[in-house]
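First the structure, in the form of C-alpha cells, and then the observations on it.
The values are calculated or read from the model by the stated rules, or taken from the named source; none is laboratory data. All values reported here derive from a predicted model rather than from experimental measurement. Don't worry about glycine lacking a Cβ; one is built from the backbone with ideal geometry, like all the others, and counts go over all protein chains shown.
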C-alpha cells in the first residue's frame, strides 16, 4: 500500500455503547440532574435583584394559571399507558399524565417544606414503596379503588402544602408510602413481565425521581426567596386539581 493510501485511510467506525451502559448513563442523568439544577438555581438566586425576583414570581404565577386552565384536558387525555415496552415508554408515562405528574411534584415540594431528613426520606419512601407495589402487581390481583387513590393523593398532598402542615418524618414517609402503593399498582398492572417490561419499570422509576427532584428544587427556591405564600398557592392549585379528578 502506498504512503498516500495509508494517509487517507478512513478511521475505523466507533462501536456503539452497549444498551445496558446507555440505560445506566440515562438513569444517572435522570437521578442527579434535578439536584444539580437545584444547586444551580439557589446559587444563581444570590445575585438576583429584588425586582428580578418579583418579575420571576409573577411569570411563574401566570404559568401556573395557564396550567390550571389546560390541566383537566391533559389529564383526561391520559388514558392507560400506551406502549409499555422499553425505557422511554416508562419515562413518558408519569410525564404525560398530570395526575401522576402533580403527585410526584407534590411529594418533592412537601418534602422541601418539611426540611431536614424529610428532604430525602419522604421521596425515598415514595419511590421504594411504589417500586415494590409495581413489582407485586405484575400478574397479581387488583387493589380495589386504586383509580381513586391516585387523584386522592394529589388532593391530600396539595392540601398539606397549601396549609403548611408539618409532621414527623416517619409519619410523612408513611403517608406518602400509602399513596405510592396506588401509583405503583397503576404502573405494575400495565407492565409486562418481560425484559422490555423491566426497562419500562426502570423508566417510570427514573421519571419519578426526576419529578421529585423538580419539586424539591421548587421548594428550595421558595425558601431561598422567602416566598412561602407561593408554595401554598401551588399546593392549593394541586388540591383543586385533585378534587376535580376525584369527582370527574
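For every residue, the table says whether it meets (1) within 18 Å of residue 133 (Cα to Cα); (2) in contact with a helix residue (DSSP H, G or I) (Cβ under 7 Å, 6 or more places away or on another chain); (3) part of a helix (DSSP H, G or I); (4) modelled with pLDDT of 90 or more.
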| position | (1), (2), (3), (4) |
| --- | --- |
| 167 | no, no, no, yes |
| 184 | yes, yes, yes, yes |
| 207 | yes, yes, yes, yes |
| 215 | no, yes, yes, yes |
| 229 | no, no, yes, yes |
| 232 | no, yes, yes, yes |
| 235 | no, yes, yes, yes |
Per the list (1) in contact with a helix residue (DSSP H, G or I) (Cβ under 7 Å, 6 or more places away or on another chain); (2) over 19 Å from residue 116 (Cα atoms); (3) surrounded by 18 or more Cβ atoms within 10 Å (Cβ to Cβ), residue check on residue 172 breaks on (2)
Filtering the range 137-151 for residues that are assigned to a helix (DSSP H, G or I) and out of contact with any helix residue (DSSP H, G or I) (no Cβ under 6 Å at 6 or more places or on another chain) leaves a count of 2
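Looking for whichever is buried (at least 24 other Cβ atoms within 10 Å of the Cβ), within 15 Å of the chain's Cα centre (by Cα) and within 26 Å of residue 197 (Cα to Cα) here; the options are 92, 130, 124, 88. Which one fits?
After applying the criteria, what remains is 130.
Scan the range 190-205 for residues that are in a loop (DSSP other than H, G, I, E, B) and either modelled with pLDDT of 90 or more or over 19 Å from the mean Cα position of the chain (by Cα) (or both) and report the count.
Of the residues in that region, 3 qualify.
Yes/no matrix, rows are residues, columns are (1) without any contact (Cβ under 8 Å) to a residue 60 or more places away in the chain; (2) within 20 Å of residue 87 (Cα to Cα):
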position	(1), (2)
120	yes, no
133	yes, yes
146	yes, no
162	no, no
167	yes, no
182	yes, no
191	no, yes
204	no, yes
219	no, no
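Residue 111 - would you say it is crowded, with 24+ Cβ neighbours inside 10 Å, over 14 Å from the mean Cα position of the chain (by Cα) and either outside any loop (DSSP other than H, G, I, E, B) or at pLDDT below 95 (or both)?
no
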